[in-house]
1. If I model a spin label at Thr107 and Asp87 as a point 7 Å from the Cα along the Cα→Cβ vector, what separation in nanometres do I get?
2. Enumerate the lysines that Lys159 could reach by cross-link, defined here as Cα to Cα under 20 Å, with residues fewer than 8 away along the same chain left out.
3. Over 10 Å intervals from 0, what percent of Cα-Cα pairs in the range 42-156 sits in each interval?
4. Which value, in debye to the nearest 20, gives the size of the charge dipole of the range 3-297 about its Cα centre, when Lys and Arg are +1 and Asp and Glu are -1 at the Cβ?
5. In Å and on Cα atoms, what radius of gyration and Dmax does the range 184-250 show?
6. Taking a virtual spin label 7 Å from the Cα of Phe95 along the C-beta vector, which residues in the range 10-26 bring their backbone nitrogen under 17 Å of it?
7. Based on the Kirkwood radius over alpha-carbon pairs, what is the Stokes-Einstein translational diffusion coefficient of the chain at 20 °C with 1.002 mPa s viscosity, in µm²/s?
8. Assuming R0 = 25 Å, what is the FRET efficiency of Thr297 and Ser20, from their Cβ-Cβ distance, to the nearest 0.05?
Amino acid sequence: MSILVVGSIAYDTVETPSRSVKDSPGGSALYFSIAASFFTQVNVVGVVGSDFDLKKLPLNRPFSISFDGLDVEEGKTFRWGGRYYEDPNKRDTLFTLLNVFENFKPTIPDYYKRSQLVFLANIAPALQLQVLDQIDKPRLVILDTMNFWINGYRSDLLKVIQRCDVLILNDEETLELSEDDNIITAGSKILKMGPKYLIIKKGEHGAVLISNNTYFAAPAFPLLKIIDPTGAGDSFAGGFVGYLAKTRKYDVENMRKALVYGNIVASFNVEDFSFKKLIPLNPEKLEKRYKQYRNFTRY
Ligand code: AMP
């Protein structure tokens, strides 16, 4: 079952305590697609500028990634800069340059409209709404966002939240969106905004899945060294949605398993910059880590 994703395709500049990289390929849609294409076909909607080298995109995946919904516009690709600290859960955004995103109008190829799972990755909520308006009712809409949109584009964001089934936030975003200071009561407030499920990512501490009658916590896979946390959230989402698409079951039990796959895929992603660890990953390495994770968390 294929997944439609709309999100950013970017050149990222990332500073970490040990190393920095300038203009390396990134963006929410790319991290997501590369992760989810371990499980199923992914159809990308997005925009790049004429400076983006499409030939360098990793097309050689276990399942294909379609770029038929990708616009190439005259101008510069979206750029983002971030700085990390010794505590990998802490990040500052240094700059966000929308560039070709400013005038982007997503158009969805006809065959994309049959995608049963839709992932609205982190981009302007107005664009996420335009995508939802163009597709038939999918089986599941999964939404990601960030503080940039929560603080500056709240009313559009609330409209998308109302139309999603699963909302993915980190702990800070959960408190900001709900205007609460307790993560549990914040979660209940957010569920009242529309989604059936809320996933709260807690960086190196894992993630929790909340619904009106569920609470499930899954720790992160323990790593000796985190090199670059960029894309952890998007590759987590790729593992989560990819697993749901592959198994085609959307009950709570399967969502729990999908959450664990999200954690496992993200754990590989943060072991190097950009897509360096995700691209050579294979299903055997994934399953091996999944089994180790089961041992670590068996009770
Ligand atoms: P994550 O670390 O999972 O939060 O995702 C980081 C990725 O999101 C980077 O590759 C950025 O290019 C992209 N990104 C950061 N800010 C934005 C934004 N405001 N809109 C769209 N994409 C963004």
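Just so it is clear, none of the values below were taken in a lab; they were calculated from the coordinates. None of these values were measured; they are calculated from a predicted model. Every residue, glycine as well, gets a Cβ built from its backbone with ideal geometry; the counts of neighbours run over all protein chains shown.
1. 4.8
2. Reachable lysines: Lys105, Lys137, Lys189, Lys192, Lys196.
3. 11, 37, 38, 13, 1
4. So the dipole magnitude of the range 3-297 works out to roughly 1060 debye.
5. Rg then Dmax for the range 184-250, in Å: 13.5, 39.
6. Zone members listed by number: 10-16, 20-26.
7. The calculation lands on 113 µm²/s.
8. 0.10
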